[in-house]
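Peer 1: Below you'll find the structure I mean.
The values are calculated or read from the model by the stated rules, or taken from the named source; none is laboratory data. What you see is a predicted model, and the numbers here were worked out from it, not measured in a lab. Virtual Cβ from ideal backbone geometry, glycine too; neighbours counted across all protein chains shown.
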Amino acid sequence: MSGALTSDKTLRARATTAIADDRLRVALRGATDRFTLGRAIGLAGLEDAQGLRRAARAVRAEILANLPAVLEQLADNVVANGGTVCWAATAEEATAYVEAVAARHDARTIVKSKSMVTEEIKLNEVLESAGRKVVETDLGEWIIQLAGQTPSHIIAPALHLDRHQVAEILGQVADGEEMQTDPEWLAAFARRKLREEFLRADMGISGANFGVAETGSVALVTNEGNGRMATSLPRVHVAIMGMERVVATTAQLDLMLALLGRSASGQPLTSYTSIITGPRREGEADGPDEFHLVILDNGRSRILGTEFHEILACIRCGACLGACPVYRQIGGHAYGSVYAGPVGAVLTPLLFPDEQTRELPNASSLCGACMDACPVGIPLQDLLLAHRRRNAADADASTRRGWNAWARAWSRPALFRATTALPTFGRRFTKLAARLPGVSRWAAGREIPEPPQRTFHQMWERGDV
Amino acid sequence: MSEFGNRAEFLGRLRVALSGGVPENPAHPLPPLGGPVPEIRFTSLDPTDLRAAFVGAAQYVAARPTRMPALTAEFLAAFIEEEKVRTAVVSREPEARAAGAILAELGVAVSDYSREAALEADLGVTSAVFGVAATGSVVQDSSATGGRAVSLLPRVHLCVLPAERLVATPGDVLRSLGARALPSNLVFITGPSRSGDIEQIITMGVHGPTSVHIALIEG
């Protein structure tokens with residue numbers, strides 16, 4: 001069982017469960033249609049959006065090629081601004097550091113702004129096992145935290161729940177108050193309850209949409225304002241950043257922010273785009289006394305410089321999820337990992353290589369819609385194929401022998417003709433063949449075509465075509 | 001101590017990984033690297049009339065901009081009536097303090113920003129260091145406001161923005177940042193706090209203000 005997986009079932013089992021859930025599929029279609037439409041409208045607001053995407057791909061590639069120098073500059077500037085930097089090689093090092101900071105401040109309540117990377121390293125579990133209360137403050141994240149679930153979409157974590165389920169889940173913290181199901185009412189309820197947590201909190205934890213090396217800053221975007229609350233009210237702020245989530249200059253930040261909001265939800269800018277540079281200064285009435293930046297490797301350096309290198313260019317907008325015909329059917333939970341959709345199918349097997357994650361690249365039709373949607377032009381289908389190629393190379397000997405025999409047969413005209421004529425000859429047996437062991441599982445999800453009476457070659461020779 | 005973990009070892013792993021270069025992708029080769037970062041141009045932005053553009057963009061993100069020659073008691077009286085404001089906190093900025101003085105004359109209980117006062121207040125009053133015409137954003141600098149949460153904790157936010165602080169794009173603000181010392185917190189506020197986390201239905205004010213008013217002062 002990998003550290004990433006949230007379920008021990010197979011991809012096929014998880015997908016089967018998801019597809020059987022009609023409510024989930026309606027919600028998925030509605031949300032992905034909305035994001036896809038928003039993205040189209042958002043990008044139409046930019047002149048030469050395609051040119052900007054190409055430029056963004058080049059910018060991300062350049063940053064990754066110079067990553068050691070860019071990170072060094074970031075760390076130096078964070079320290080110069082009065083912050084603290086932690087270089088965490090593994091999830092364990094990162095969580096141990098955050099727990100040590102929490103212990104030093106005797107942090108009883110910790111508020112969190114939405115962050116995928118903290119889910120990746122299972123930070124909440126570590127802090128909670130030390131007896132601390134950890135509260136997710138993004139509304140969607142809070143709902144699924146109370147429900148004991150995991151996010152089903154990068155930017156819409158509670159996508160899979162309807163208002164009645166949400167009301168029931170939030171009812172756990174209602175203290176006898178009667179719950180209503182109107183989304184406005186539920187949001188106002190969350191405002192009241194979470195505000196109490198913000199005021200009580202000793203420490204705030206956020207991710208980082210981007211580290212900015214030349215200024216030593218962290219850029220954080222949220223629509224709800226929970227990112228601002230978590231980084232303004234508690235006396236300690238810890239930001240956790242995957243090491244690749246960095247830009248060198250503010251000009252690069254401008255380009256990334258222009259594409260991020262539009263690709264995620266269609267917004268020109270998210271409601272709150274904060275650029276945080278060190279702890280509070282003299283004379284400021286709020287803001288944390290301490291600012292910590294955790295720079296996390298956790299398997300990323302194993303990807304750097306390999307054929308999967310470009311997956312590290314990802315800015316976590318979620319556009320590839322909405323574009324993917326597979327994600328649109330099965331949703332995020334079926335991927336069994338914090339990272340879902342095409343990006344997750346590439347990234348998860350690299351971060352958490354094992355027998356269960358290696359099948360994720362099969363959750364793709366290789367249609368390439370993900371690459372067309374990606375704001376930084378990651379060739380996702382090439383990377384999915386690269387995974388499959390590796391899996392094929394590792395396949396068992398009998399599978400390899402079978403495919404090799406097929407390749408040899410079809411490179412000889414006589415054998416090609418003989419094998420393609422076979423189904424026309426044995427037409428009526430096709431349906432029976434679909435029941436054969438090994439074929440039946442493949443055939444279950446597919447329409448078996450009725451073979452024609454003659455092959456194309458035969459028709460050609462008769463002058464029928 | 002301001003650095004933990006092993007920087008040399010961490011970066012050493014990266015340098016080794018990158019030492020052989022990056023494999024080419026023949027199917028989708030990378031564009032040439034090292035060019036300048038292109039400026040972002042907005043299709044709908046009329047650079048000759050930033051004020052009108054700002055108002056349109058702010059309305060698009062559900063903020064409430066109003067153009068006026070100067071901030072008047074008439075405007076504020078109508079505003080506090082509509083938003084049912086009885087208490088307010090003001091930032092350190094001169095424009096906010098001036099607005100606070102008028103509000104106090106109108107009977108609003110006005111105090112300087114503190115976290116405790118902001119929690120009780122209906123309204124937070126600030127100015128902004130920039131307004132961004134293309135996105136309808138106002139940009140707040142914590143060293144100017146004196147507190148990050150003036151515009152965050154109260155239910156209503158009023159930003160008094162002199163029109164000469166308008167710039168065309170976020171890039172006009174962002175690209176200048178590397179050249180100067182940054183405040184501890186710089187935030188682009190683009191409309192009210194919003195969430196779509198329950199059934200994708202947009203609700204306002206889940207954490208921050210439900211309503212953001214911008215008085216664009218043109219005099």
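Peer 1: Would you check which residues across the stretch A:222-232 are of a type outside the set (Ser, Thr, Tyr) and touching a residue at least 60 places away in the same chain (Cβ under 8 Å) and list them?
Peer 2: The initial filter retains those residues of the stretch A:222-232 that are of a type outside the set (Ser, Thr, Tyr), namely A:223-230.
Correct list: A:GLU224, A:ASN226, A:GLY227, A:MET229, A:ALA230.
Peer 1: Moving on. Any residue in the stretch B:62-74 that is within 14 Å of another protein chain (Cβ to nearest Cβ), surrounded by fewer than 19 Cβ atoms within 10 Å (Cβ to Cβ) and either of a type outside the set (D, E, K, R) or in a strand (DSSP E or B) (or both)? First the steps, then the outcome.
Peer 2: Residues of the stretch B:62-74 that are within 14 Å of another protein chain (Cβ to nearest Cβ), as a first pass: B:62-63.
Among the residues that remain, those that are also surrounded by fewer than 19 Cβ atoms within 10 Å (Cβ to Cβ) are: B:62.
Going one step further and asking which of them are either of a type outside the set (D, E, K, R) or in a strand (DSSP E or B) (or both), we end up with B:62.
Yes, some residue in the stretch B:62-74 is within 14 Å of another protein chain (Cβ to nearest Cβ), surrounded by fewer than 19 Cβ atoms within 10 Å (Cβ to Cβ) and either of a type outside the set (D, E, K, R) or in a strand (DSSP E or B) (or both).
Peer 1: Another question about this same structure. For the stretch B:141-168, name all the residues that are touching a Lys or Arg at 6+ places or on another chain (Cβ under 8 Å), under 23 Å from A:THR250 (Cα atoms) and not basic (Lys, Arg).
Peer 2: B:SER142, B:SER143, B:ALA144, B:THR145, B:LEU166
Peer 1: For the stretch B:93-101, state whether one or more residues are free of Cβ contacts under 8 Å to residues at least 24 places away in the same chain and either in a helix (DSSP H, G or I) or surrounded by 15 or more Cβ atoms within 10 Å (Cβ to Cβ) (or both). Before the answer, list the steps.
Peer 2: Of the stretch B:93-101, the ones free of Cβ contacts under 8 Å to residues at least 24 places away in the same chain are B:97, B:101.
Add one more test, that the residue is either in a helix (DSSP H, G or I) or surrounded by 15 or more Cβ atoms within 10 Å (Cβ to Cβ) (or both), and what stays is B:97, B:101.
Among the residues of the stretch B:93-101, at least one is free of Cβ contacts under 8 Å to residues at least 24 places away in the same chain and either in a helix (DSSP H, G or I) or surrounded by 15 or more Cβ atoms within 10 Å (Cβ to Cβ) (or both), which makes the answer yes.
Peer 1: Turning to a different aspect of this structure: Being more than 22 Å from A:GLY266 (Cα to Cα), modelled with pLDDT of 95 or more and surrounded by fewer than 18 Cβ atoms within 10 Å (Cβ to Cβ) is the requirement here; does A:LEU312 meet it? Don't jump to the end; show me each part of the working.
Peer 2: Values: more than 22 Å from A:GLY266 (Cα to Cα): yes; modelled with pLDDT of 95 or more: yes; surrounded by fewer than 18 Cβ atoms within 10 Å (Cβ to Cβ): no.
No.
Peer 1: Which is under 21 Å from B:GLY131 (Cα atoms), basic (Lys, Arg), surrounded by 23 or more Cβ atoms within 10 Å (Cβ to Cβ) and in contact with a helix residue (DSSP H, G or I) (Cβ under 6 Å, 6 or more places away or on another chain), of A:ARG228, A:ARG262?
Peer 2: A:ARG262
Peer 1: Still on this structure, I have one more. Somewhere in the stretch A:38-51, is a residue part of a helix (DSSP H, G or I) and either aromatic (Phe, Trp, Tyr) or under 19 Å from A:GLY207 (Cα atoms) (or both)? Spell out the reasoning first.
Peer 2: Applying the first criterion (part of a helix (DSSP H, G or I)) to the stretch A:38-51 yields A:38-44, A:49-51.
Next cut, either aromatic (Phe, Trp, Tyr) or under 19 Å from A:GLY207 (Cα atoms) (or both) only: none.
No - not one qualifying residue is present in the stretch A:38-51.
Peer 1: Now a separate question. What pairs can you find where one residue is in the stretch B:8-37 and within 7 Å of another protein chain (Cβ to nearest Cβ), the other is among the basic types (Lys, Arg), and their Cβ atoms are less than 6 Å apart, with a gap of 6+ or different chains?
Peer 2: B:PRO31/A:ARG54
Peer 1: Select from the stretch A:351-391 the residues that are in a helix (DSSP H, G or I), in contact with a helix residue (DSSP H, G or I) (Cβ under 8 Å, 6 or more places away or on another chain) and more than 13 Å from every other protein chain (Cβ to nearest Cβ) and list them in ascending order.
Peer 2: Residues satisfying the conditions are A:LEU351, A:THR357, A:ARG358, A:GLU359, A:LEU360, A:PRO361, A:ASN362, A:ALA369, A:ALA373, A:HIS387, A:ARG388, A:ASN391.
Rundown of residues vs (1) among the charged types (D, E, K, R); (2) away from chain B (no Cβ under 14 Å); (3) surrounded by fewer than 17 Cβ atoms within 10 Å (Cβ to Cβ), yes/no style:
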{"site": "A:LEU127", "(1), (2), (3)": "no, yes, no"}
{"site": "A:PRO151", "(1), (2), (3)": "no, no, no"}
{"site": "A:ALA156", "(1), (2), (3)": "no, no, no"}
{"site": "A:GLU178", "(1), (2), (3)": "yes, yes, yes"}
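Peer 1: Given the condition closer than 20 Å to A:ASN226 by Cα, under 20 Å from the mean Cα position of the chain (by Cα), of a type in the set (A, V, I, L, M) and modelled with pLDDT of 95 or more, answer yes or no: does some residue in the stretch A:119-142 qualify?
Peer 2: The answer is yes; a qualifying residue exists.
Peer 1: Then there is this: With respect to B:SER142, determine if the residue is among the polar types (S, T, N, Q) and facing another protein chain (nearest Cβ under 9 Å).
Peer 2: Values: among the polar types (S, T, N, Q): yes; facing another protein chain (nearest Cβ under 9 Å): yes.
Against the criterion (among the polar types (S, T, N, Q) and facing another protein chain (nearest Cβ under 9 Å)), B:SER142 qualifies.
Peer 1: I've got another one for you. Using the structure shown, decide if A:ALA345 is under 18 Å from the mean Cα position of the chain (by Cα) and not β-branched (Val, Ile, Thr). Write out each step before concluding.
Peer 2: Numbers: under 18 Å from the mean Cα position of the chain (by Cα): yes; not β-branched (Val, Ile, Thr): yes.
Criteria met by A:ALA345.
Peer 1: Working only within the stretch A:199-226, note down all residues that are under 25 Å from A:THR90 (Cα atoms), among the small types (Gly, Ala, Ser) and touching a strand residue (DSSP E or B) at 6+ places or on another chain (Cβ under 7 Å). Don't jump to the end; show me each part of the working.
Peer 2: If we filter the stretch A:199-226 for residues that are under 25 Å from A:THR90 (Cα atoms), which is where we start, we get A:203-213, A:216-220.
Now drop any that are not among the small types (Gly, Ala, Ser), which leaves A:204, A:206-208, A:211, A:213, A:216-217, A:219.
The answer is A:GLY204, A:SER206, A:GLY207, A:ALA208, A:GLY211, A:ALA213, A:SER217, A:ALA219.
Peer 1: Just a yes or no: is a residue in the stretch B:67-76 out of contact with any Lys or Arg (no Cβ under 6 Å at 6 or more places or on another chain) and under 14 Å from B:ALA133 (Cα atoms)?
Peer 2: Kept after step one, since they are out of contact with any Lys or Arg (no Cβ under 6 Å at 6 or more places or on another chain), are these residues of the stretch B:67-76: B:67-76.
Add one more test, that the residue is under 14 Å from B:ALA133 (Cα atoms), and what stays is B:67.
Within the stretch B:67-76, one or more residues are out of contact with any Lys or Arg (no Cβ under 6 Å at 6 or more places or on another chain) and under 14 Å from B:ALA133 (Cα atoms).
Peer 1: Please enumerate the residues belonging to the stretch B:43-59 that are modelled with pLDDT under 95 and either within 8 Å of chain A (Cβ to nearest Cβ) or in contact with a Leu (Cβ under 7 Å, 6 or more places away or on another chain) (or both).
Peer 2: B:THR43, B:SER44 - these are the residues of the stretch B:43-59 that are modelled with pLDDT under 95 and either within 8 Å of chain A (Cβ to nearest Cβ) or in contact with a Leu (Cβ under 7 Å, 6 or more places away or on another chain) (or both).
Peer 1: Give the residues of the stretch A:162-176 that are touching a residue at least 24 places away in the same chain (Cβ under 8 Å) and within 8 Å of another protein chain (Cβ to nearest Cβ), sorted by residue number. Reasoning before the result, please.
Peer 2: Taking the stretch A:162-176 first, the residues touching a residue at least 24 places away in the same chain (Cβ under 8 Å) are A:162, A:169-170, A:172-173.
Listed by number, the list holds a single entry, A:ASP162.
Peer 1: Continuing with this model, one more query. Give the stretch B:155-181 a look and list any residue that's under 30 Å from A:ALA188 (Cβ atoms), crowded, with 20+ Cβ neighbours inside 10 Å and within 12 Å of chain A (Cβ to nearest Cβ), or say none. Reasoning before the result, please.
Peer 2: Here is the first cut: in the stretch B:155-181, the ones under 30 Å from A:ALA188 (Cβ atoms) are B:155-161.
From what's left, crowded, with 20+ Cβ neighbours inside 10 Å: B:156-161.
Of everything in the stretch B:155-181, just one residue is under 30 Å from A:ALA188 (Cβ atoms), crowded, with 20+ Cβ neighbours inside 10 Å and within 12 Å of chain A (Cβ to nearest Cβ), namely B:HIS157.
Rundown of residues vs (1) of a type outside the set (Val, Ile, Thr); (2) in contact with a helix residue (DSSP H, G or I) (Cβ under 8 Å, 6 or more places away or on another chain), yes/no style:
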{"residue": "B:ALA98", "(1), (2)": "yes, no"}
{"residue": "B:VAL108", "(1), (2)": "no, yes"}
{"residue": "B:ALA118", "(1), (2)": "yes, yes"}
{"residue": "B:VAL129", "(1), (2)": "no, yes"}
{"residue": "B:VAL132", "(1), (2)": "no, yes"}
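Peer 1: Looking only at helices (runs of 4 or more DSSP H) that fall completely inside the stretch A:86-192, which ones have 3 or more residues that are more than 19 Å from B:THR203 (Cα to Cα)? Before the answer, list the steps.
Peer 2: Values: elements: A:91-104, A:116-120, A:123-129, A:139-147, A:163-170.
Qualifying helices (runs of 4 or more DSSP H): A:91-104, A:116-120, A:123-129, A:139-147.
Peer 1: If you scan the stretch A:70-96, which residues turn out to be under 29 Å from B:PRO31 (Cβ atoms), surrounded by fewer than 22 Cβ atoms within 10 Å (Cβ to Cβ) and at the interface with chain B (Cβ under 9 Å from one of its Cβ atoms)?
Peer 2: A:GLU72
Peer 1: Same structure, new question: Tell me, please, whether a residue that is more than 8 Å from chain B (Cβ to nearest Cβ) and within 30 Å of A:GLY445 (Cβ to Cβ) can be found in the stretch A:37-53.
Peer 2: yes
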